[in-house]
Amino acid sequence: MDSIVVTGGAELSGQIPIAGAKNACLTLMPATLLSEEPLTLTNAPRLSDIATMTTLLRSLGAEVTTMQEGRVLAMSSHRIDTHVAEYDIVRKMRASILVLGPLLARDGHAVVSLPGGCAIGARPVDLHLTALEAMGAELDLRDGYVHARAPGGLRGGRVTFPKVSVGATENVLMAATLARGATVIENAAREPEIVDLADCLRRMGAEIEGDGTDTIEVQGVARLSGATHAVVADRIELGTYMLAPAVTGGSVECLGGRIDLIEAFCERLDAAGVSVEETERGLRVSRRNGRVAGVDVTTAPFPGFPTDLQAQMMALLCTAEGTSTLHETIFENRFMHAPELIRMGARIEVSGGTARVHGVERLKGAPVMATDLRASVSLILAGLAAEGETVVNRVYHLDRGYEQVEQKLGAVGAKVERVRET
Ligand code: EPZ
């Protein structure tokens, strides 16, 4: 397994290009199943998760051609050979459950492996299933698979989510585009990736209103056409790289960054003493003083502070002036980066969903273990300003969500290199 070696101390300056959003692309790709005409995605990120979704769609019989070194995905599912999403692929990436709604909507049946949990939590899919049942699907859970049928096709209905779920909102939104009649989704997720999916589906002929709010209305149509759609910028990669100059000092411009994607995050950065200014090409970030101030952070569904930036924010707060409290409200086990940061000299007390961080002057480099995608990049951020060398192991987690991290950080002056395990 590869590892990433970070030598701390360099101030950063220059530009970092922000790629298309992993979490938008992972729901846009299954949308190809809703039409027999080609769907082409541009500005796609080059990530192992995208490769996994490509493998899954191909296993169903869809054609996926990657062009321009993976930036363009030309997809066509005019022919589907099977409606079974096998465990062996689904277990690698939970977002595979997002083929369930489209397959059901398209052909009235699907067999999709339950995705199982992951490091950050149990990650059930009950909200996906209950919502599809409200649209007339008959579901039978056996042998670790969801056996779903909608003999007469899905029918529009009222779906009220008891808690906000990004994936369940996406599954239902896609299914509703071809359902008979109107569907109202209440307590819908409001993430920019939902809006991006709705924009793409509208280009395909879907009738959708209210995306980006907590109530989405969909008028089912008989069929959808093909389209070409540019994947929205990745707000989590953006927030991650905005933290790099905040950790090290210096000034970095994130190309393609948009404030509207991460307002709650930017408000916390401002409170910590990090300035964010909009430029012609993106967002320029720098520290206002020599050291940031401790701030409190509570994660919440959009437009709140993103849970996917909690680990990275903790890395910054480890060397802030004063104490910070982070409340993780979305996942039950998302502080696994804390023990690794403590190995680097951070002072962190974790109790349930709350972590208290007492800022120290400087961290010390150490060998650390990546446990999940966002935890792994928070350890790299911590290493950027730490004294000496930090070796982050198991970086396969990293490659799921960050393309060319060593090149992007290296281009702004960081000493980051990948050591390939022989
Ligand atoms: C999406 O996961 C993202 N993944 C996650 O990003 C992100 O952390 C999460 O949304 C929250 O923003 C993709 O988009 C591929 P949820 P998702 O359904 O859809 C519970 C990353 O690092 N829940 O909004 O799975 C769930 O356990 C990843 O890029 C149920 O109880 O998240 C969690 O506690 C990590 N039942 C909460 O709801 C369900 O049926 C929010 O989950 C579904 C979810």
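The values are calculated or read from the model by the stated rules, or taken from the named source; none is laboratory data. Just so it is clear, the structure is predicted and the values come from calculations on it, not from any experiment. For neighbour counting, all protein chains shown are included, and Cβ atoms are generated from backbone atoms with ideal geometry for every residue, glycine included. In case anyone asks, the SASA skips ligands and DNA or RNA and just uses the protein heavy atoms, side chains included. Shrake-Rupley method; radii C 1.70, N 1.55, O 1.52, S 1.80 Å.
Values for this structure:
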{"item": "Heavy-atom accessible area per residue - the chain, 1.4 Å, Å²", "result": "38 Å²"}
{"item": "Low-density loop cleavage sites - trypsin sites (Lys or Arg not before Pro) in the range 164-224, where at most 14 other Cβ are within 10 Å (DSSP)", "result": "223"}
{"item": "The chain, relative contact order [Cα under 8 Å, separation at least 6], %", "result": "21 percent"}
{"item": "Charge dipole (debye, nearest 20) of the range 266-422; +1 at Cβ of Lys and Arg, -1 at Cβ of Asp and Glu", "result": "300 debye"}
{"item": "Shape call, the range 164-240: gyration tensor on alpha carbons, a/c limit 1.5", "result": "oblate"}
{"item": "Rounded, prolate or oblate (a/c below 1.5 giving rounded, otherwise prolate when a/b exceeds b/c) for the range 241-318 by Cα gyration tensor", "result": "oblate"}
{"item": "Under 27 Å from the Cα of residue 163 - lysines, other chains or at least 8 residues apart", "result": "22, 92"}
{"item": "Partner lysines for residue 415 [C-alpha distance under 19 Å; skip if fewer than 8 residues away on the same chain]", "result": "364"}
{"item": "Using distinct alpha-carbon pairs, which all enter the 1/r mean, Kirkwood radius of the chain in Å", "result": "21.9 Å"}
{"item": "Semi-axes of the equivalent ellipsoid for the range 65-215, Cα gyration tensor, largest first, Å", "result": "21, 20, 18"}
{"item": "Sparsely packed trypsin sites (Lys or Arg not before Pro) within the range 15-114, loop by DSSP, other Cβ within 10 Å at most 12", "result": "79"}
{"item": "Summed residue charge, Cβ within 12 Å of residue 356's Cβ, Lys/Arg positive, Asp/Glu negative", "result": "-1"}
{"item": "The range 346-407: GluC sites (Glu not before Pro) in DSSP coil with no more than 16 other Cβ atoms inside 10 Å", "result": "361"}
{"item": "Shape parameters for the range 58-148, alpha-carbon atoms, Rg then Dmax in Å", "result": "14.2, 42"}
{"item": "Value of [θ]222 nm, deg cm²/dmol, for the chain, DSSP H segments ≥ 4, -39500 (n - 2.57) each, nearest 500", "result": "-8500 deg cm²/dmol"}
{"item": "Computed over the range 160-288: relative contact order in percent, which uses C-alpha pairs under 8 Å that are six or more apart", "result": "19 percent"}
{"item": "Net charge dipole size for the range 21-133 [Lys, Arg +1 and Asp, Glu -1 on Cβ; Debye, nearest 20]", "result": "380 debye"}
{"item": "Percent of C-alpha pairs per 10 Å bin, the range 82-132, short to long", "result": "26, 55, 17, 1"}
{"item": "Percent antiparallel among DSSP beta bridges (both partners in the range 331-414, rounded to 5)", "result": "55 percent"}
{"item": "The chain: DSSP helices with Cα axial extent of at least 18 Å and average Kyte-Doolittle hydropathy no lower than -1.0", "result": "48-60, 235-248, 373-385"}
{"item": "Percent antiparallel among DSSP beta bridges (both partners in the chain, rounded to 5)", "result": "70 percent"}
